[in-house]
Amino acid sequence: MIVPVQTGASPTIGNPRTLVNLGRCFGGFGHDYDTAPKGHRFILTAPIGPEGGATGQIVVVENWFEELRRLVPTN
């Protein structure tokens, strides 16, 4: 959910609305989401596969920074 807020001498709080609707997210260990330090981005877990169903597979990517550098050179 997201709620607009205006600060100042008389702060106002707007109406909440849905920011992202992904249905049911995975329940698991700890949080199903996290935010960037400044709060401008977030990541969350969600079902994947046909019609939102789980595929039964987990893909683990190791050393993904090196793979990213290879695929997207900065020079």
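The values are calculated or read from the model by the stated rules, or taken from the named source; none is laboratory data. Remember, it's a predicted structure, so these values are computed and weren't measured experimentally. Cβ atoms come from the backbone with ideal geometry, glycine included; neighbour counts cover every protein chain shown.
Filter segment 1-53 down to residues that are in contact with an Asp or Glu (Cβ under 7 Å, 6 or more places away or on another chain) and in a loop (DSSP other than H, G, I, E, B) and give me whichever is modelled with the lowest pLDDT.
The selected residue is Phe26.
Regarding Arg69, is this residue at pLDDT below 70 and of a type outside the set (A, V, I, L, M, F, W, C)?
Answer is no for this residue.
Give the number of residues within segment 57-75 that are among the charged types (D, E, K, R) and surrounded by 10 or more Cβ atoms within 10 Å (Cβ to Cβ).
Number of matching residues: 2.
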